[in-house]
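The next block holds one structure in the form of structure tokens; read it before the comments.
FYI, it's all coordinate maths here, none of it is from the lab. As the structure is a computational prediction, the values presented were derived from the model and not from experiment. Every residue, glycine among them, receives a Cβ derived from its backbone with ideal geometry; neighbour counts consider all protein chains shown.
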Amino acid sequence: MALSDKLPVLDNRSFNDLVSEARARIPRYTREWTDFNDSDPGFTLVQLFAWLGEMLLFRLNQVPELNHIKFLELIGLRLEPARPSQVWLSFQPESDPATPPWLELPRRTQVASAEADDAGPIVFETDRRLIVLKAALDAVRIFSGGTWQDVTAGNATAEEPWHPLAEAADPGNALALALATEDAEIPAGIELALAFFAAGGGQGGGAVTCGGGGSTCRNCLAWEYHDGRDWRALPLLGDETDALSRTGQVLLKTPPRKLWQKLRLGGASDAPRFWLRARVLRNGWAQVPRALAIRTNMVAATQGETVEGEILGGSDGTADQAFALSGRPVQVGTLLLEVDDGDGRGFVPWHEVDDLAAAGRDEPAYALDRGAGMVRFAGVRGRIPVANPDRPASSIRARSYRFGGGRRGNLPAGAITSLLTPVPGIDTARVTNPFPAAGGTEEEELEAAKLRAARMLKARDRAVTAEDFEALAISAGPIGRVKALPLFHPDFPGVEVPGVVTVVVVPDEKGPAPVPSEGLLRAVCRCLDSRRLLTTEVHVTPPTYLPVRVTAEVVAPPGADAAELREAAVAALDAYLHPLTGGAKGRGWPFGGDVFFSALHQRLLAAGAARVVSAIIELDGEEYPNCTDVPVPAGALLASAGHEVIVQEELAG
């Protein structure tokens, strides 16, 4: 949405308010005037001037807000549009024997939620092509210390973290994966996609170091397959996981049919399977990899729908032209815009710029307001599209773009099951999302944009002070709060390390302890890395939560419902201690903020209690005496862990 759409409605004090105010002044200045009826000529003049005053006041009172919004437009600030959610989708082939051993699922395959809301079904599109295999992941084992450990059950449930390369990840350790198929062989030379889900950080890792310049664990793993007698190198097409250290896909190329042989890895009693493994060459990880699950036939998807070949209109050759896209908000980097100037070259691609004022004088550029879906062309700077007499109303077109976003896309696991794009051979009954979708946010509120503008002007797009890091980081994604900790290194807590800044990120999500995904942490890293000083080492990390539990005993006022009071008291404690909505001002619990028992008493009284008998605080498993303030370590936040409120009835007399 454009800022101009946020201009205030011209509405202030009403006509009746002004008439009442004037009537109250009459006895003070003209005591002889006693007839206040509408038939009185004097009172008719009062009503006339009240009407004129209303017209003037409701305009004048809007000037400060109008100037504020125009100033935001002047500095180039736009409301951040709604962001789309991300999800991993699982596809399985039909069990029909006639189904080929592998199927190709094209990029941008659409899958929708099973249930629609008021705005219709929630559509997701796959981000890349996926080869769906009939061969299923049948067993997962870890080799360490000369023995094999079977973790197939833990991998199937994906509930508890486990170490895919053992706890030490020593050279020689290995993760072995078995593929079972009814066919005698697995097709050769096709792409095998392994979806790896890292544990921690909401399917992400721990702290992320900015400015690493690529993989932090090069040549740590060797992917291999078994040819019946020995292990051979398996071609690695791509690795988004940084050697199994973060969530992503590992893309492998299946070996020739005659070379990949079935193996009884666990001995004679084990069923023969096609095995592949990831063997540790060297331990170069900052933290030993931990996994939630490894899956085949899964691909990442983004909430949104793709539009192709949309005609925006025709240029008339004038400056400052604007054209509207039918879908909004437009997702970042998806719009491919083309213009036909009638010079015989047909439709030629133009590129997007952040600010047309910085474009070259004849640069084929345009500016895009993603929230409003508006495409704007040059005025003074940049090239103006030429009027094309052959296409007077269709010389500008969007070759393709994707739109969509919002919290409505943050669906739970198992909610995305409707395959919209027909793909022969795919079992439509088994399309699903094993993990919840996350990351969708609504459009930025105007008040939040005002605060962001002040931070932007102060930071000037450079990260120098702690406030600069916080101001820039919070604009990198769906983030509720950030905290910059100078001299703090996540690997050396308690030790001041010069030149280090750690940015703690709390996502804008529901729940008592929101945890950012690794993708969000890396988005913050990308934002800060180009703006930090060269000598500054920046780390972005999830928050540290300490479980807090309050056991309170309160007295209910006469006639109060004990169950309602208990529910209101627990809700008040949850809200007060929440990392995003807690604290004295309701803007989130302070990082490292101590818990004061007197403040808890105030919350319980405000919830409807007549008196507070006791309030015992338990922090991180340690219980503190009644009426005792509880210290919280620096940089830590609180996560409510099931408060208990005991309600007593007020005794009569």
- Over the alpha-carbon set of the range 309-403, work out the extent along each principal axis and list the three values in angstrom, largest first. 31, 29, 18
- the range 29-61 and the range 139-174 have their Cα centres apart by a whole-number Å value of 84 Å
- Message: Could you check the spin-label model distance between R361 and D227? Points 7 Å from the Cα along Cα→Cβ, value in nm.
- Response: 6.6 nm
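Where a ≥ b ≥ c are the square roots of the eigenvalues of the C-alpha gyration tensor, would you call the range 366-507 rounded, which needs a/c under 1.5, or, failing that, prolate if a/b is larger than b/c, or oblate? Write out the running numbers ahead of the final one.
Working: a/c = 2.81, a/b = 1.22, b/c = 2.30.
The shape class here is oblate.
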- Note on the structure: Any lysines whose Cα falls less than 22 Å from that of K134, other than same-chain ones fewer than 8 residues away, would be K253, K258, K262
- Message: Give me the extension gain from A156 to K458: residue separation times 0.36 nm, minus the current Cα-Cα distance, reported in nm with one decimal.
- Response: 103.7 nm
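Could you work out how much longer the chain between E445 and W33 gets when fully extended? Use 0.36 nm per residue separation minus the Cα distance between them, nm to one decimal. If you can, show how the numbers build up before the last one.
Values: separation 412, 0.36 × 412 = 148.32 nm, distance 5.06 nm.
Gain in length upon complete extension: 143.3 nm.
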- With the convex hull built on the alpha-carbon atoms of the range 1-153, volume per residue in Å³ sits at 334 Å³
- Item | Label-point separation, E644 to S400 (7 Å along Cα→Cβ), nm | 5.8 nm
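Report the per residue volume, in Å³, of the convex hull enclosing the C-alpha atoms of the range 446-542.
Numbers: hull volume 9.4 nm³, N = 97.
Once divided by residue count, the hull of the range 446-542 is 97 Å³.
Starting from the eigenvalues of the Cα gyration tensor, five times each then square-rooted, give me the equivalent ellipsoid semi-axes of the chain, largest first, whole Å.
Details: eigenvalues 551, 310, 122 Å².
Semi-axes, largest first: 52, 39, 25 Å.
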- Message: For the pair V613/F15, report the inter-label distance in nm, with labels modelled 7 Å from Cα in the Cβ direction.
- Response: 6.2 nm
- What lysines sit close enough to K483 to cross-link, taking a C-alpha to C-alpha distance under 24 Å and skipping anything fewer than 8 places away on the same chain? K450, K458, K510, K585
